[in-house]
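All remarks here apply to the structure that follows.
The values are calculated or read from the model by the stated rules, or taken from the named source; none is laboratory data. It should be emphasised that the depicted structure is a prediction, and the values quoted were computed from it without experimental measurement. Glycine gets a Cβ as well: all are built from the backbone with ideal geometry, and neighbour counts include every protein chain shown. These area figures cover heavy atoms from the full protein model, side chains too; ligands, DNA and RNA do not enter into them. Shrake-Rupley method; radii C 1.70, N 1.55, O 1.52, S 1.80 Å.
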Amino acid sequence: MGRERRHSHPVLRHLAELTVLVLLAAAVVSYRYDLGERWFGWGPVDPATEPAAVLPPEGLRLPASRVAPRVAVTGEHVDVDPAKVSAAVAPLLKRRVLGPHFAVLVTDLATGEEVFRAGARSVVPASTTKLLTSVAALESLGGTSRFTTSTRWQPQAGRLVLVGGGDPFLASTPSKDDDTYPRRADLQTLAERSAEALRAEGVRRVRLGYDDSLFSGPGVNPTWEPGYLDDITSPISALWADQAQDPDGFGFVADPAADAARVFAGALRRAGVQVRGPVARTPAPAGATTTDPPPTLASVRSATVGEVVERTLAVSDNQAADVLAHHVGLAESGQGSFEGGAAGVLAVVERLGVPVAGARLLDGSGLSRDNRLSPDTLAGVLRLVVEQDRPELRQVLTGLPVAGFTGSLALRFDEGPQAARGRVRAKTGTLTGVHGLAGVADDPSGGRTAFVVVTDRAPADGELDARVRVDRIAAALGACRCGVGSAS
């Protein structure tokens, strides 16, 4: 008798087919919409939040990781020979090209020991002052700190207030150049963000005020030459656009904050917000918002303090330096002014162990001819920024122009030893009758020196000669084989 054939029930057969189809559909939907990852944690991980969990592409076999070798080995210290330094520098001082009042100091960068000195014990430092301002800013404020420009909304008055945060590089519009360093915050972006927040509140028309009260005291240092405001620097303000440059391209505006508010009002209108009535200076109470805290309606943030320092030193930016000094004054004593800033800068560098005996500072830029610094103070700051255990101050060193290559030294050092090009980093200092360099030199023998060369009474008929002589002294140190035991 043959084996009986068994047939599956039609309902069961269709149920199995339906199950397969449902599973296939579920797999497609899960793949298409990442449901497995969302619901059960399946699927790819987000590399931004879990980079360590990202698997390598299929088929890729990575070698076992090893400890990376050092890319550089710390060189042995080479003592600097005072006799060799004197042989390189002293002959350049004989003809009095520097005038009747100058100072030259060379120290061994590693030990701080003096290896050569000539001239006065105190000079007008001009822009070498920015070395002190930069160190104080990094130490007191922190290299990663940023300055915030914001808007605050006063609903009862229907008023929007633009509040300056002391951003030295606040721009009117976004940069069109991707190579701009550091990147700038700008008023156009702030206006667009403010307009969006206002629309969310149903607001289409505002009165506009501005608040520049973060800084105090005069905007113009009383010891500056009157002509500086024509083309050297602007009044210092906690609120400005494009460093208060006159929109016509000549000089600076008289009231930087009012000008910034005018620029902001135009940007608001373009963003769809009507500005009614006059734009006026208006205090911004901390609690003035559409709701309870936070008080800020919209904001933009500056480059970091470290980036500002690098740019300030590279191009000798007077306005940025004085803004930084004002911030140091705020941090140290609550006084964001020329007086508070200068006192704060000296207090910070003295706290760091730099000798400041006899120092007199009246600004952060060095534009005041009444400033006085000893070369020992400048040399002390230079040694501080190269110390291995002071990485937070390193951006002072990296911001210094390189002889013959970058910043304010890009077009200098065309005379003197060519071997010095690239071996000298220094901050320039220039006023009428004042020419100086303060920096570091790494000579071919391994000798490292900090040097200060400043003349503050250069002959009126020999200003260029004096500046070139300052460069040649620095170049002699960069080209000198001044290490002990090295071949000359």
*Output the number of residues of the range 382-405 satisfying the condition of being open to solvent by 70 Å² or more (accessible area, probe 1.4 Å) and part of a loop (DSSP other than H, G, I, E, B).*
3
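Criterion first (open to solvent by 10 Å² or more (accessible area, probe 1.4 Å) and within 11 Å of VAL135 (Cα to Cα)) does LEU330 satisfy it? Spell out the reasoning first.
Working: open to solvent by 10 Å² or more (accessible area, probe 1.4 Å): yes; within 11 Å of VAL135 (Cα to Cα): no.
So LEU330 fails the test.
Quick check on ASP230: is it within 24 Å of ASP255 (Cα to Cα), of a type in the set (D, E, K, R) and part of a helix (DSSP H, G or I)? Reasoning before the result, please.
Working: within 24 Å of ASP255 (Cα to Cα): yes; of a type in the set (D, E, K, R): yes; part of a helix (DSSP H, G or I): yes.
Answer is yes for this residue.
Would you confirm whether any residue within the range 368-378 is at pLDDT 95 or above, in a helix (DSSP H, G or I) and within 22 Å of the chain's Cα centre (by Cα)?
Of the residues in the range 368-378, the ones at pLDDT 95 or above are 368-378.
Now restrict to residues that are in a helix (DSSP H, G or I): 375-378.
Now drop any that are not within 22 Å of the chain's Cα centre (by Cα), which leaves 378.
Taking every residue of the range 368-378 in turn, at least one turns out to be at pLDDT 95 or above, in a helix (DSSP H, G or I) and within 22 Å of the chain's Cα centre (by Cα).
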*asked:* With the requirement that a residue be aliphatic (A, V, I, L, M) and more than 18 Å from the chain's Cα centre (by Cα), what does the range 387-419 give you?
replied: ALA403, LEU409, ALA410, LEU411, ALA419
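Strands (runs of 3 or more DSSP E) wholly in the range 406-488 with at least 1 residues that are touching a Lys or Arg at 6+ places or on another chain (Cβ under 9 Å) and surrounded by fewer than 23 Cβ atoms within 10 Å (Cβ to Cβ) - which ones?
Ranges flagged: 424-431, 434-442.
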_Residues of the range 204-215 satisfying the condition of being out of contact with any strand residue (DSSP E or B) (no Cβ under 7 Å at 6 or more places or on another chain) and surrounded by fewer than 17 Cβ atoms within 10 Å (Cβ to Cβ)_ = SER213
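Scanning the range 88-124 for residues that are within 30 Å of the chain's Cα centre (by Cα) and open to solvent by 20 Å² or more (accessible area, probe 1.4 Å), which turns out farthest from VAL381 (Cα to Cα)?
Going through the range 88-124, the residues within 30 Å of the chain's Cα centre (by Cα) turn out to be 103-112, 122-124.
Narrowing the set further to residues that are open to solvent by 20 Å² or more (accessible area, probe 1.4 Å) leaves 110-112, 122.
Numbers: ALA110: 13, THR111: 14, GLY112: 11, SER122: 15 Å.
Within the range 88-124, the match that is farthest from VAL381 (Cα to Cα) is SER122.
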_Anything in the range 256-271 that is in contact with an Asp or Glu (Cβ under 9 Å, 6 or more places away or on another chain) and either polar (S, T, N, Q) or farther than 19 Å from ARG152 by Cβ (or both)? List them, or say none._
PRO256, ASP259, ARG270
_Taking the condition of being out of contact with any Ser or Thr (no Cβ under 6 Å at 6 or more places or on another chain) and either open to solvent by less than 40 Å² (accessible area, probe 1.4 Å) or on the phi > 0 side of the Ramachandran plot (or both), how many residues in the range 146-161 meet it?_
3
_Restricting to the range 313-332, count the residues that are more than 16 Å from PHE147 (Cα to Cα) and touching a Gly at 6+ places or on another chain (Cβ under 7 Å)._
4
*Only residues in the range 98-121 that are at positive phi count as the first member; pair them with residues that are in a strand (DSSP E or B) and at pLDDT 95 or above, Cβ under 7 angstrom, at least 6 apart or cross-chain, and list the lot.*
GLY99/THR455; GLY119/PHE102; GLY119/ALA103; GLY119/VAL104
*Kindly list, by first and then second residue, each pair from a residue in the range 371-399 that is charged (D, E, K, R) to a residue that is surrounded by 17 or more Cβ atoms within 10 Å (Cβ to Cβ) and at pLDDT below 95, limited to pairs with Cβ atoms under 8 Å and residues at least 6 apart or on different chains.*
ARG383/LEU109
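How many residues does the range 253-281 hold that are open to solvent by less than 40 Å² (accessible area, probe 1.4 Å) and without any contact (Cβ under 8 Å) to a residue 60 or more places away in the chain? Outline the logic, then answer.
Here is the first cut: in the range 253-281, the residues open to solvent by less than 40 Å² (accessible area, probe 1.4 Å) are 253, 256-261, 263-268, 271, 273, 275.
Cutting the leftovers down to without any contact (Cβ under 8 Å) to a residue 60 or more places away in the chain gives us 253, 256, 258-259, 265-266.
Final tally of qualifying residues: 6.
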